[in-house]
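The values are calculated or read from the model by the stated rules, or taken from the named source; none is laboratory data. Just so you know, these numbers come straight off a predicted model, no measurement behind them. Don't worry about glycine lacking a Cβ; one is built from the backbone with ideal geometry, like all the others, and counts go over all protein chains shown. Just so you know, the surface numbers come from the protein's heavy atoms only, side chains and all, with ligands and any DNA or RNA stripped out. Shrake-Rupley method; radii C 1.70, N 1.55, O 1.52, S 1.80 Å.
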Amino acid sequence: MSQSTAEIPPILSPGNDAQRLAWGVLLLAFALFCVLCVAIGIGVNYFLFRSPLPMDSVLVVSRGSAGIFEPSNERFVPSQTELSNNTKVSTTSPSQATLFFLDTQVSNRLIANVTLKNNSSITLQSALRPRFDWSTSQYVIWLYEAVGEFDITISDNIDRDVLIYVQTGLTKHTQVTLDGPGNYLMSVTEKYTEVYNRDGNVYLIPTLESMQGYSIPSGKRGTINTETSTVDLGPGYVNLLRNSTFDTLNENVGSGSVQELLSGWVCNNDPSDQPPGEYLSQIFEGRMTLRLERYGGATTHGRTSCSQTFGSNALDVNASGLDYLSLRANFYIRHQSLDTCGVDGSECPLALRIDYLNQDGNPEKWFHGFYAQRESSTFPLICTGGCVQEHEYVNEQSWYTYDSGNLLNLFPNSEANLNSIVGIMFYASGHEYDVQVSEVALLGRQKPDVPLAEITPSATETISP
């Protein structure tokens, strides 16, 4: 009788288990080491080249007051204050305030500014700059819940890209992306978002879900219809003035021809001014400006003016070919010695003037003045002859942007209706005055059936006093 034997399984040696465990631990440690090295590398790279720091955000009120709504505080400010993230700013009528974004690590360089006009509001979510100067990252500004009218400028001559993202509306949101140096005018309601790209790069995004953007060329207007989520492209405005930002200087200007310092503009003082005022081109707070000043303890009337004309027959700028015309100015009143605009309403630290021909071909003048001192109520708030609006009070030592609106609607009397523009003048007047002007522009939009050449100016002469 044969005896069957069961197969006996091999006995594992305790040394084999220990060896496998050791290899497992070693491989796991190596994997963790590799992951840690990659994470440290990514972290160091992000910290050195991509990590951001907040920029200084300063709100300057140039007229009226601005409401500041922070997560834990609500207040109204009449002049200047620093802003933190997630702060809402609003203006009423008549008010204007400007958000300045400054890089404190580069001598308080002005990166961008956003001006809120009447009855506007916007929320500052964040404003960031790269942590280190060697970083290739961008300046990035996020703005939310924009409603109203805005004037946005991104500075040029900056050594890195600048991006501003503006989410518009309170309930129906769209997005405007501003990419790089330029100037942009934006109007936002619940029904539409309109952006006029004066000079820059603009992308309109009608729905945040799709994030599909539409590029708006320089000199054009783009409009988002929030109800249909469509984007329409329309004609922009033509600047009828030359060298509006005073950045083009004539070469080889001698001391005897200082009034020809600026291309396109003729500047001078009234002949009897003693002491005479001065006009000079200079960079002020990151902007090229034309400074008009008069000091020396002057106690008599003086006027320092700059003008640009379109020819004696005024046929170069014919209002009949326009459906929109506005005068725009950006300035900073540094000092004014007189109250309001003087006894005669003719001594404002800055005034704008349009010389034009009415419908009968007779010469007319339109004036609008600004002042920064108002201590006496006896001085008039409107000049005689040519003023259809009161002079405007603006805060001293703050930037102010003026937009006349459609001038074609500002002349109520049919006999004074504007027909043809002869020229533009801006001037400082009074006893002592000091004002920096960074832009004077005349923006026109031609009617659809009128060629551009029929409304573009071509000649420059001198406007008589």
*asked:* If a residue must be at pLDDT 90 or above and not aromatic (Phe, Trp, Tyr), how many such residues does segment 205-218 contain?
replied: 6
*Verdict on residue 390 being out of contact with any Pro (no Cβ under 7 Å at 6 or more places or on another chain) and surrounded by 15 or more Cβ atoms within 10 Å (Cβ to Cβ)*: no
*Residue that is of a type in the set (Phe, Trp, Tyr) and over 19 Å from the mean Cα position of the chain (by Cα), where the choices are 237, 184, 192*: 192
_If I filter segment 46-83 down to residues being surrounded by 14 or more Cβ atoms within 10 Å (Cβ to Cβ) and among the small types (Gly, Ala, Ser), which single residue comes out as farthest from the chain's Cα centre (by Cα)?_
51
*Out of curiosity, is residue 135 surrounded by fewer than 20 Cβ atoms within 10 Å (Cβ to Cβ) and touching a helix residue (DSSP H, G or I) at 6+ places or on another chain (Cβ under 6 Å)?*
yes
*Would you tally the residues in segment 63-75 being outside any strand (DSSP E or B) and more than 25 Å from residue 140 (Cβ to Cβ)?*
3
*Which residues, counting only those in segment 337-365, are part of a strand (DSSP E or B) and either open to solvent by less than 10 Å² (accessible area, probe 1.4 Å) or aromatic (Phe, Trp, Tyr) (or both)?*
350, 351, 352, 353, 354, 356, 358
_Checking residue 126 against (1) farther than 17 Å from residue 161 by Cα; (2) among the hydroxyl-bearing types (Ser, Thr, Tyr); (3) surrounded by fewer than 21 Cβ atoms within 10 Å (Cβ to Cβ), the condition it does not meet_ = (1)
*Those residues of segment 290-302 which are open to solvent by less than 30 Å² (accessible area, probe 1.4 Å) and over 15 Å from residue 334 (Cα atoms), in sequence order*: 298, 302
_Hits in segment 127-156 (condition: among the polar types (S, T, N, Q) and within 21 Å of residue 185 (Cα to Cα))_ = 153, 155
_So residue 99 ticks every box in (1) open to solvent by 20 Å² or more (accessible area, probe 1.4 Å); (2) in a strand (DSSP E or B) but one. Which box is left unticked?_
(1)
*Report whether or not residue 382 is under 22 Å from residue 326 (Cβ atoms), part of a strand (DSSP E or B) and of a type in the set (Val, Ile, Thr).*
no
*Within segment 321-336, count every residue that is of a type in the set (Asp, Glu) and surrounded by 23 or more Cβ atoms within 10 Å (Cβ to Cβ).*
0
*asked:* Whether any residue in segment 76-94 is assigned to a strand (DSSP E or B) and free of Cβ contacts under 8 Å to residues at least 12 places away in the same chain is what I want to check.
replied: yes
_Go through (1) of a type in the set (S, T, N, Q); (2) open to solvent by 10 Å² or more (accessible area, probe 1.4 Å); (3) modelled with pLDDT of 70 or more; (4) within 23 Å of residue 340 (Cα to Cα) for residue 376 and report which single condition fails._
(3)
*Filter segment 138-147 for residues that are farther than 22 Å from residue 192 by Cα and open to solvent by 50 Å² or more (accessible area, probe 1.4 Å) and give the result.*
138
*Wholly within segment 158-259, which strands (runs of 3 or more DSSP E) include no fewer than the required count, namely at least 2 residues that are exposed (fewer than 14 other Cβ atoms within 10 Å of the Cβ)?*
230-235
*For residue 150, indicate whether it is surrounded by 18 or more Cβ atoms within 10 Å (Cβ to Cβ) and either at pLDDT below 95 or hydrophobic (A, V, I, L, M, F, W, C) (or both).*
yes
*Is it true that some residue in segment 284-292 is farther than 24 Å from residue 248 by Cα and at pLDDT below 90?*
no
*Looking only at segment 62-72, decide whether some residue is touching a Lys or Arg at 6+ places or on another chain (Cβ under 6 Å) and modelled with pLDDT of 85 or more.*
yes
*Hey, residue 358 in contact with a helix residue (DSSP H, G or I) (Cβ under 6 Å, 6 or more places away or on another chain) and closer than 21 Å to residue 320 by Cα or not*: yes
*Does residue 342 count as at pLDDT 80 or above, more than 25 Å from residue 66 (Cβ to Cβ) and not aliphatic (A, V, I, L, M)?*
yes
